[in-house]
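Asks: Here it is, the structure, as structure tokens.
The values are calculated or read from the model by the stated rules, or taken from the named source; none is laboratory data. All of these numbers come straight from a predicted model, not from anything done at the bench. Positions of Cβ are generated from backbone atoms using ideal geometry, with glycine treated the same way; all protein chains shown enter the neighbour counts. Heads up: the accessible areas ignore ligands, DNA and RNA and are worked out on the full protein's heavy atoms, side chains in. Shrake-Rupley method; radii C 1.70, N 1.55, O 1.52, S 1.80 Å.
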Amino acid sequence: MTTTSELLASARAMLAGVPKEGLGEERSSRWRGERIVRVGEAWHIGVLLLTDDRALATAEILRAADPGRRGYTAESARARAARRQLALRGGFDEGDVVHVGWSVIDVDAVDAGGSSGPVASIDGIPQVRWSKSGAYMPLEAYLRERIDLMRNL
């Protein structure tokens with residue numbers, strides 16, 4: 001039996017040399033205002049973010065950008081542009097991919113037979129739910145497939 005911890009350690013080794021993406025957190029201060037600042041980096045593997053020592057569940061993904069002067073037909077487009085600008089204001093470079101709102105996955109809980117975020121142990125086999133409405137699939141196959149895609153791009 002392979003544990004979630006072992007699978008993630010193996011994935012980290014396979015990802016050596018593959019570029020990471022930025023992890024951001026929202027910050028607010030009286031002097032600097034609202035912004036999204038860099039708090040680390042991770043490999044983006046579908047619904048998972050893998051750092052050197054943690055596994056995280058993805059949430060909002062954006063690309064840092066200046067909104068410029070554009071007309072928006074939808075208020076949601078205006079809100080997305082404002083979020084991208086917050087990442088620029090927080091120190092990300094134009095075009096950087098930023099992950100915000102991620103949550104830590106408790107790998108020890110999964111290894112103990114439980115679940116955390118999109119990862120669960122089902123019948124002793126680490127599984128991942130690749131979408132909220134999707135079924136679980138073996139984590140080992142999921143990681144292998146996603147990492148192969150990342151390494152061949």
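Asks: Would you be able to tell me the number of residues in the range 94-115 that are without any contact (Cβ under 8 Å) to a residue 24 or more places away in the chain and buried (at least 18 other Cβ atoms within 10 Å of the Cβ)?
Replies: 0
Asks: Given the criteria in a strand (DSSP E or B), at pLDDT 95 or above and more than 21 Å from residue 15 (Cβ to Cβ), does residue 37 qualify? Spell out the reasoning first.
Replies: Values: in a strand (DSSP E or B): yes; at pLDDT 95 or above: yes; more than 21 Å from residue 15 (Cβ to Cβ): yes.
Yes; evaluated as a whole, the condition is true for this residue.
Yes/no matrix, rows are residues, columns are (1) part of a strand (DSSP E or B); (2) among the hydrophobic types (A, V, I, L, M, F, W, C); (3) touching a His at 6+ places or on another chain (Cβ under 9 Å); (4) open to solvent by 20 Å² or more (accessible area, probe 1.4 Å):
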{"residue": "10", "(1), (2), (3), (4)": "no, no, no, yes"}
{"residue": "18", "(1), (2), (3), (4)": "no, yes, no, yes"}
{"residue": "31", "(1), (2), (3), (4)": "no, yes, no, yes"}
{"residue": "44", "(1), (2), (3), (4)": "yes, no, yes, yes"}
{"residue": "52", "(1), (2), (3), (4)": "no, no, no, yes"}
{"residue": "78", "(1), (2), (3), (4)": "no, no, no, yes"}
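Asks: For the subset of the range 64-76 comprising residues that are part of a loop (DSSP other than H, G, I, E, B) and charged (D, E, K, R), which member is modelled with the highest pLDDT?
Replies: 66
Asks: Among the residues of the range 117-140 satisfying the criterion of being at positive phi and not acidic (Asp, Glu), which is surrounded by the fewest Cβ atoms within 10 Å (Cβ to Cβ)? Before the answer, list the steps.
Replies: Keep residues of the range 117-140 that are at positive phi, which gives 117, 123-124.
Retained after the next criterion (residues that are not acidic (Asp, Glu)): 117, 124.
Working: 117: 21, 124: 9.
Among residues in the range 117-140 that are at positive phi and not acidic (Asp, Glu), the one surrounded by the fewest Cβ atoms within 10 Å (Cβ to Cβ) is 124.
Asks: Quick check on residue 61: is it touching a residue at least 12 places away in the same chain (Cβ under 8 Å), outside any loop (DSSP other than H, G, I, E, B) and open to solvent by less than 70 Å² (accessible area, probe 1.4 Å)?
Replies: no
Asks: So residue 143 passes all but one of these: (1) under 14 Å from residue 50 (Cβ atoms); (2) free of Cβ contacts under 8 Å to residues at least 24 places away in the same chain; (3) crowded, with 20+ Cβ neighbours inside 10 Å. Which condition number does it fail?
Replies: Going through the list (1) under 14 Å from residue 50 (Cβ atoms); (2) free of Cβ contacts under 8 Å to residues at least 24 places away in the same chain; (3) crowded, with 20+ Cβ neighbours inside 10 Å, residue 143 breaks only (2).
Asks: Pick out the one residue from 151, 89, 83 that is over 12 Å from residue 57 (Cβ atoms) and in contact with a helix residue (DSSP H, G or I) (Cβ under 9 Å, 6 or more places away or on another chain).
Replies: 151
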